[in-house]
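**Student:** One structure follows; several queries about it will come next.
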Amino acid sequence: MEQHRILIIEDDRKIASLLAETLRKYHYNVRAADDFDRILEAESEFSPHLILLDINLPSYDGYYWCRQLRQRTTVPILFISARSGEMDQVFALENGGDDFITKPFNYEIVLAKIRSHLRRSFGEYAPKMEERTIRLGRLELYPERMELHAHGEEIPLQKKECVILELLLSESPKVVSRERFLEELWDDQAFVDENTLNVNMTRVRKKLADYGIQSQIETVRGAGYRFIAAPEEA
């Protein structure tokens, strides 16, 4: 059974450490953000099922980050804060939060709220949705699982690897432009180095090769990339 991933965004390292330690005891996969100017990158890399978010953070507050996160994810966001005023709770909910936990908190209450929100979003109370599957010949991509199935193997993917393969497989054999990859992979293209997409594409090619997949990602000079299915996998 998959471990639910929880991202902690809390600048008090002692609280973050204690929270992470407690959640790991209950078999959650936990990561605590350590660069509070790169919250969106942390979410993208970890792809959490639930986020614990403090209000008082360096540079920008939790309300700001909640609004930014809501543009890219619908997972539960639970505010944790020493602020206990009614308006703080109102602002938290109006800016996209799902719940509010006041410090100092009881860990049993935190765990109960986490379980409740995960059940509603991913468990027995979650709306039943048909899982997407992208098939190209004998290759099968499951975007929600971030898995590629080939030759009887289940190949785990990182979030950006999955996005790249989803675009390539769904459009094959057509060319997918570099601009479209940049739009799908990064929110702010202005700060993406030209070589960054090349690096990510190289990682995907290596992963395919490591698992014995003969199909190729072809670079189309001046245009973008396309996926060419090998005859034995077509």
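**Student:** Identify all residues within the range 199-208 that are of a type outside the set (K, R) and either closer than 15 Å to L168 by Cβ or surrounded by 15 or more Cβ atoms within 10 Å (Cβ to Cβ) (or both); write none if there are none.
**Tutor:** Selection gives N200, M201, T202, V204, L208.
**Student:** Could I ask something else about it? Of everything in the range 42-56, what is part of a loop (DSSP other than H, G, I, E, B), open to solvent by less than 50 Å² (accessible area, probe 1.4 Å) and in contact (Cβ under 8 Å) with a residue 40 or more places away in the chain? Give them in sequence order. So that I can check it myself, show each step before the final result.
**Tutor:** Within the range 42-56, the first condition is being part of a loop (DSSP other than H, G, I, E, B), and the residues that meet it are 47-49, 55-56.
From what is left, the residues that are open to solvent by less than 50 Å² (accessible area, probe 1.4 Å) are 47-49, 55.
Matches in the range 42-56: S47, P48, H49.
**Student:** Check the range 13-36 and report whether any residue there is farther than 24 Å from W186 by Cα and assigned to a strand (DSSP E or B).
**Tutor:** Restricting attention to the range 13-36, the residues satisfying the condition of being farther than 24 Å from W186 by Cα are 13-29.
Among the residues that remain, those that are also assigned to a strand (DSSP E or B) are: 29.
Scanning the range 13-36, I find at least one residue that is farther than 24 Å from W186 by Cα and assigned to a strand (DSSP E or B), so the answer is yes.
**Student:** Quick check, is A16 without any contact (Cβ under 8 Å) to a residue 24 or more places away in the chain, farther than 23 Å from K159 by Cα and within 21 Å of the chain's Cα centre (by Cα)?
**Tutor:** So A16 passes the test.
**Student:** Enumerate the helices (runs of 4 or more DSSP H) found wholly within the range 57-131, keeping only those where 2 or more residues are in contact with a helix residue (DSSP H, G or I) (Cβ under 7 Å, 6 or more places away or on another chain), open to solvent by less than 50 Å² (accessible area, probe 1.4 Å) and closer than 30 Å to K160 by Cβ.
**Tutor:** 62-70
The values are calculated or read from the model by the stated rules, or taken from the named source; none is laboratory data. Everything numeric in this text was worked out from a predicted model, so none of it was measured. FYI the Cβ positions are ideal-geometry reconstructions off the backbone, even for glycines, and counts take in every protein chain you see. When the accessible area is computed, the model is the full protein with side chains, heavy atoms only, and any ligands, DNA or RNA have been set aside. Shrake-Rupley method; radii C 1.70, N 1.55, O 1.52, S 1.80 Å.
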